[in-house]
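Visitor: Please see the structure below; I have some questions.
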Amino acid sequence: MDAIELLMTRQSDSNLSFPGPTESQLEIIKKAALKVPDHGGLAPWKFIVVNEDARDKLGEIYYKAAVEEEQNERTVSRAKDLPHRAPMMIIAISPFQEHPKVPRVEQIESAACACFAMQQAAFAQRLSGVWRTGFFAQSTTVKRELGLDEKDEIVGYLYLGTPTIQCTKPVRHEPNSFFTEL
């Protein structure tokens, strides 16, 4: 897949199954994450790969967070199953670093670019993924259980696997609606 085809056809797929990324595919995904803009060379990213039995462990963390933080019944009842929506997840984190020239927002943006680059790398290898956030990305319990600092930002949970249906999504937006000239 060439770069233009990747950029024009990439999409998120939430219906994912086995197989997940192979070791060699995962290495490419990891390398892609580290090629993103990085003002000041801070490398403001950290990643946690979650697969196989680790998905159960993350489900327990989600469940604990949902109960401790008094989420609604639907969130609590689904918590343990959420990590099983794909064979692999990568948690993208921006560990905040005080810096006189690189504000917090730029560090988070860099980690977000890394998450997107990983999804692109998966798609380019005929895998797919979906990037999710929500309550569990903001949860203080989840951060604590993952050993993160409260200032760290969970930028997203990147679910990776093989798409179960081949469904090209329609174009949602036209460029002229978003681009103007000065």
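Visitor: Name every residue in region 79-91 that is open to solvent by 50 Å² or more (accessible area, probe 1.4 Å) and out of contact with any Gly (no Cβ under 8 Å at 6 or more places or on another chain), in order of residue number. I'd like the intermediate steps shown before the answer.
Guide: At the first step, the residues of region 79-91 found to be open to solvent by 50 Å² or more (accessible area, probe 1.4 Å) are 80-81, 84-85.
Matches in region 79-91: Arg85 only.
Visitor: Given the conditions (1) more than 21 Å from Leu148 (Cα to Cα); (2) out of contact with any His (no Cβ under 9 Å at 6 or more places or on another chain), report the number of the one that Gly40 does not fulfil.
Guide: The number of the failed condition is (2).
Yes or no, residue by residue, for (1) open to solvent by less than 10 Å² (accessible area, probe 1.4 Å); (2) within 23 Å of Met1 (Cα to Cα); (3) in contact with a Gly (Cβ under 8 Å, 6 or more places away or on another chain):
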| site | (1), (2), (3) |
| --- | --- |
| Ile93 | yes, no, no |
| Lys101 | no, no, yes |
| Phe116 | no, yes, no |
| Val130 | no, yes, no |
| Gly156 | yes, no, no |
| Lys169 | no, yes, no |
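Visitor: Let me ask another. Which numbered condition in (1) at pLDDT 95 or above; (2) open to solvent by less than 80 Å² (accessible area, probe 1.4 Å); (3) assigned to a loop (DSSP other than H, G, I, E, B) is the only one that Ser12 fails?
Guide: Just one mismatch for Ser12, condition (1).
Visitor: Can you find even one residue in region 55-77 that is surrounded by fewer than 19 Cβ atoms within 10 Å (Cβ to Cβ), part of a loop (DSSP other than H, G, I, E, B) and within 19 Å of the chain's Cα centre (by Cα)?
Guide: no
Visitor: Here is a further query. When Gly134 is evaluated against the numbered criteria (1) touching a residue at least 24 places away in the same chain (Cβ under 8 Å); (2) surrounded by fewer than 19 Cβ atoms within 10 Å (Cβ to Cβ), which criterion, by number, is the only one it fails?
Guide: (1)
The values are calculated or read from the model by the stated rules, or taken from the named source; none is laboratory data. None of these values were measured; they are calculated from a predicted model. Because the Cβ atoms are built from the backbone with ideal geometry, glycine has one as well, and the counts that use them run over all protein chains shown. For accessibility, only protein heavy atoms count, side chains too; no ligands or nucleic acids. Shrake-Rupley method; radii C 1.70, N 1.55, O 1.52, S 1.80 Å.
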